[in-house]
Amino acid sequence: MFIKERLFTPGPVPLPPQVIKALGQQIIHHRTPEFTEIFLNTRKNFQKLLKTDRDVLIFASSGSGAMEASVLNFFKKGDMVLIINAGKFGQRWKELASTFELKIVDYEITWGKTYDKDRIIEIIGEFPNLKGIFVQHSETSTTTLHDIKFLAEVKNKLDDCILVVDGITSVGVYEVYPDELGIDVLVTGSQKALMLPPGLSILYYSSKAEERLSSSNIPKYYFDVKKEAKKQINGQTAFTPAINLILGLNESLKLILEEGVPKLAERHRILAEMTREAVKEIGLKLLSKSPANSATGVLTPEGLNADDLRKELLKLGFRVAGGQDHLKGKIIRIAHMGYFDFMDVIQVISALEIALYRMGYNVEIGKGVKKAQEILIEKIKTD
Ligand SMILES: Cc1ncc(COP(=O)(O)O)c(C=O)c1O
């Protein structure tokens, strides 16, 4: 059968043609006024995306680089920090914090669930000297959303605590405005809702976080925020930048700002709702009790290995992700962040029904698709 491969993985995601064109240009040199102008414009547009006047730094690294920079630059060895550890990327915060010798309060949460507010209040009562709270806004491994506002209120009750948010699969999906939300450090990466290949990480820091830059005593070289900020404010970088990725980011930010962040967030809300409701209509269960709008984690029924289902979907041209660690073989993850429209969801749901049917699962063909279509029609009526 002739097939076209379509990416429905939660990173990397498909690229818009305008971005592909920008990426494919002949390279320009970075120590030139031409690059400086583009870089300053890109940084300004990133500030618009986050609705902030605060500095936004762009590193040549995957998202984990900016996560590492958050630990290196805003903490001292021995600082006590709370990790909201609810999945693969919560674990990454823990590993980073322990690598750089912070003291950890590890709030481990069953994968697929979010934190309990009462438990957080108990923890801050027990550890009033917390210097930081680390969380994922959207935990991609479990497709779970964690509420940020509550954590910001909590950290404000403490003497000297900052909130560090991994927004790698939430920036470009939700309205993530760190000044308004009370986020002190926010990181994101290029290969998700920013609609770019991997290779850029972005870091925002509040004035409260900035005050910590001089007292941080963790050794650092590449991810040195002070050194990098001095350069980037003037449209340059401390090291060779990922030039073409920045040209691509300049383009993808134009697309994002043209759509407008509130509309973009609404599109993602509907994409997620269509996916979730259709999956439930097919008779499958969602993994997450607090599902995020970036991707949907779907539990496969007893006796149906999720990785076999992924192979069947791939035969139809649909590449979805599987589960990580103990969820391997138990879930599939369908992405709908970035360059996705409503008909993409209808296609992937249709493929899911066919794949399940071919695997002998008792599925009523068209039931999930119909549900997604109904939600879409309601949306079109209100446009
Ligand atoms: C929420 C979250 N945090 C961190 C990461 C790690 O980012 P990277 O693989 O770009 O280093 C990912 C990647 O999937 C992610 O989804």
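Nothing in this text is a laboratory measurement; each read-out follows from the coordinates by a stated rule. Predicted, not measured: the structure shown is a model, and the values here were computed from it. Neighbour counts are summed over all protein chains in view; Cβ atoms, including those assigned to glycine, are modelled from backbone coordinates with ideal geometry.
Values computed for the structure shown
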read-out	value
Label-point separation, residue 149 to residue 21 (7 Å along Cα→Cβ), nm	4.0 nm
FRET efficiency estimate (nearest 0.05) - Cβ-Cβ, residue 308 to residue 32, R0 51 angstrom	0.45
For residue 80, residues with placed amide H under 5 Å, excluding near neighbours	103, 131
Percent antiparallel among DSSP beta bridges (both partners in the chain, rounded to 5)	50 percent
Loop chymotrypsin sites (Phe, Trp or Tyr not before Pro), region 175-250 (other Cβ atoms within 10 Å of the site Cβ: 13 or fewer; DSSP)	221, 239
Relative exposure of 138, 216, judged by other C-beta atoms within 10 Å (fewest first)	216, 138
Hz values of 3J(HN,Hα) by residue in region 62-70 - Karplus curve (6.51, -1.76, 1.60), Gly and Pro given as x	6, x, 4, x, 5, 5, 4, 4, 5
Helix-only [θ]222 nm of the chain, DSSP H runs n ≥ 4, -39500 (n - 2.57) each, per residue, nearest 500	-13500 deg cm²/dmol
Student exercise, region 277-347 dipole from Lys, Arg, Asp, Glu Cβ charges, in Debye to nearest 20	200 debye
Candidates 121, 84, 346, ranked by Gaussian network fluctuation over the chain, Cα under 10 Å, top entry	121
Residue 226/residue 341 FRET efficiency (R0 45 Å; Cβ-Cβ; nearest 0.05)	0.60
GluC sites (Glu not before Pro) lying in DSSP loop within region 288-355, provided at most 16 other Cβ fall within 10 Å	302
Helix 148-157 axis, angle to the chain major axis (alpha carbon atoms, nearest 10°)	30 degrees
In region 196-296, the trypsin sites (Lys or Arg not before Pro) that fall in loop regions by DSSP, at most 13 other Cβ within 10 Å	289
Magnitude of the charge dipole, the chain, Cβ model with Lys/Arg +1 and Asp/Glu -1, debye to 20	600 debye
Choice from 245, 181, 286 showing the highest fluctuation, given a GNM over the chain with Cα pairs closer than 10 Å	181
Residue 200 long-range amide H proximity, modeled H, under 5 Å	61, 190, 191
Vicinal HN-Hα couplings computed from phi for region 284-292 (Karplus, 6.51 cos²θ - 1.76 cosθ + 1.60; Hz; Gly/Pro x)	9, 10, 7, 6, 8, 8, 9, x, 8
Sequence-distant residues sharing a close amide H with residue 323 (under 5 Å, placed H)	329, 330, 331
Derived scalar couplings ³J(HN,Hα) [region 46-60; Karplus, 6.51 cos²θ - 1.76 cosθ + 1.60; whole Hz; x for Gly, Pro]	5, 4, 5, 4, 8, 6, 8, 9, 5, 5, 10, 9, 10, 9, 8
Within a Gaussian network of the chain (alpha carbon springs, distance under 10 Å), most fluctuating of 242, 97, 265	242
Estimated FRET transfer efficiency when R0 is 22 angstrom, pair residue 119-residue 208 (beta carbons, to 0.05)	0.30
Alpha-carbon Rg/Rh ratio, for the chain, with Rh computed the Kirkwood way	0.98
